[in-house]
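Trainee: Structure incoming, see below.
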Amino acid sequence: MKTTVTALLAGLIFGLGLLLSGMANPEKVLGFLDIAGAWDPSLALVMAGAIAVSLPAFQLFKGRKESLLKETLQLPTNTHIDRRLVIGGLMFGIGWGLAGFCPGPALVASGAGLEKALIFTLAMLAGMGIFRLSAHKMIPARG
Amino acid sequence: MTIDWTAFTPVTALAGGALIGLASVLLLIFNGRIAGISGVLGGLLEGSSGIGWRLAFIIGLLAAPLAWQLFAPLPPIKIEAGYPTLIAAGLLVGFGTRLGSGCTSGHGVCGLSRLSPRSLVATLVFMAAGFATVYVVRHLLAV
């Protein structure tokens, strides 16, 4: 029960951060990605601000086995830099550059009731579903 | 490169980023989990363990605009892309983030905070792809 409340709170604060930072606004995101145009560097500071807070905490916490609520710490264990990582990153980056949405902002903008954000989110969920059904066979993890 | 100083919002970018960092820290220290939006969503679709906290986190994100509106009008969320672009971009983002095991939050914030070389590569790849895509769309195709 407690872990549900903390997760809800974390999601809410995450979403408020996306709204405050401008990251939930595709126009602003594309202004950052348009390095050859009139460049808006703001979003570099979003990442800097986030990492300034989370890096010390992650470094202090990562040796632990349990969270403060006695949940097993589940950190990624895969350290391979493989074809899937690079091809996946390329696909994601292209989609991000086309629409100006990455997953978090798409959900926040959907929560704001914007029809276009909802369309993007549904397509994103479909993309995840297609991956689930097909990707394991299409692209070998290693190589 | 020309910097658009009128669009530059350093204070809200840093403050919003700090909230995103704080949310990631909360999910780590209480739930023992990584706040990667595509991973949380993908886990829900695939029936991974922890349906409760995953759903709570997503509900928090979706509810953020409502919580914001209790205190202030929502900041602008401007979506220029048309429906075909939004659908193509959504499919790419959904498939790509699952194939590459993460997005801006999981790799970009949490992964970099863990000092993960794998996440650094992923972040560089999707950022480069995002910059390149906007360059092609806005300056080569001049859409």
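The values are calculated or read from the model by the stated rules, or taken from the named source; none is laboratory data. No experiment lies behind these values; they were computed from the predicted model shown. Here Cβ is always computed from backbone atoms with ideal geometry, including for glycine, and neighbour counts include all displayed protein chains. All accessible areas refer to the heavy atoms of the entire protein, side chains included, with ligands and DNA or RNA removed. Shrake-Rupley method; radii C 1.70, N 1.55, O 1.52, S 1.80 Å.
Trainee: Could you tell me whether any residue of the stretch B:17-36 is in contact with a helix residue (DSSP H, G or I) (Cβ under 6 Å, 6 or more places away or on another chain), free of Cβ contacts under 8 Å to residues at least 60 places away in the same chain and within 21 Å of B:M127 (Cβ to Cβ)?
Mentor: yes
Trainee: Out of the residues in the stretch B:98-141 that are under 25 Å from A:S54 (Cα atoms), facing chain A (nearest Cβ under 7 Å) and among the β-branched types (V, I, T), state the one that is surrounded by the most Cβ atoms within 10 Å (Cβ to Cβ).
Mentor: The selected residue is B:V109.
Trainee: From A:L68, A:L45, grab the single residue that is of a type in the set (A, V, I, L, M) and in a loop (DSSP other than H, G, I, E, B). Even if it seems obvious, please write down each step before you answer.
Mentor: Numbers: A:L45 fails: in a loop (DSSP other than H, G, I, E, B).
Answer to the check: A:L68.
Trainee: Going through A:I81, A:I94, A:I87 one at a time, which residue ends up being within 7 Å of chain B (Cβ to nearest Cβ), closer than 25 Å to A:M128 by Cβ and either touching a strand residue (DSSP E or B) at 6+ places or on another chain (Cβ under 9 Å) or part of a loop (DSSP other than H, G, I, E, B) (or both)?
Mentor: Numbers: A:I94 fails: either touching a strand residue (DSSP E or B) at 6+ places or on another chain (Cβ under 9 Å) or part of a loop (DSSP other than H, G, I, E, B) (or both); A:I87 fails: either touching a strand residue (DSSP E or B) at 6+ places or on another chain (Cβ under 9 Å) or part of a loop (DSSP other than H, G, I, E, B) (or both).
Only one candidate passes the filter, namely A:I81.
Trainee: Ok, one more. Across the stretch B:59-76, which residue is nearest to the other protein chains (Cβ to nearest Cβ) among those that are surrounded by fewer than 21 Cβ atoms within 10 Å (Cβ to Cβ) and within 18 Å of the chain's Cα centre (by Cα)?
Mentor: The selected residue is B:L62.
Trainee: I'd like to know if the stretch B:85-97 contains one or more residues that are assigned to a helix (DSSP H, G or I), surrounded by 18 or more Cβ atoms within 10 Å (Cβ to Cβ) and more than 7 Å from chain A (Cβ to nearest Cβ).
Mentor: So far as the stretch B:85-97 goes, no, none of its residues is assigned to a helix (DSSP H, G or I), surrounded by 18 or more Cβ atoms within 10 Å (Cβ to Cβ) and more than 7 Å from chain A (Cβ to nearest Cβ).
Trainee: Just one of the numbered conditions (1) closer than 30 Å to B:Y83 by Cβ; (2) open to solvent by 50 Å² or more (accessible area, probe 1.4 Å) is not true of A:G11; which one?
Mentor: Of everything listed in (1) closer than 30 Å to B:Y83 by Cβ; (2) open to solvent by 50 Å² or more (accessible area, probe 1.4 Å), A:G11 misses just condition (2).
Trainee: Let me ask another. Filter the stretch A:24-60 down to the residues that are open to solvent by 10 Å² or more (accessible area, probe 1.4 Å) and more than 7 Å from chain B (Cβ to nearest Cβ) and list them by number.
Mentor: The answer is A:K28, A:F32, A:A44, A:P56, A:Q59, A:L60.
Trainee: Within the stretch A:26-51, can you find the residues that are without any contact (Cβ under 8 Å) to a residue 12 or more places away in the chain and over 24 Å from B:L26 (Cβ atoms)?
Mentor: Hits for the stretch A:26-51 are A:G31, A:D34, A:I35, A:A36, A:G37, A:A38, A:W39, A:P41.
Trainee: Right, A:L107: under 21 Å from B:I79 (Cβ atoms), within 7 Å of another protein chain (Cβ to nearest Cβ) and in contact (Cβ under 8 Å) with a residue 40 or more places away in the chain or not? Give the derivation first.
Mentor: Details: under 21 Å from B:I79 (Cβ atoms): yes; within 7 Å of another protein chain (Cβ to nearest Cβ): yes; in contact (Cβ under 8 Å) with a residue 40 or more places away in the chain: yes.
Judged against the criteria, A:L107 is a match.
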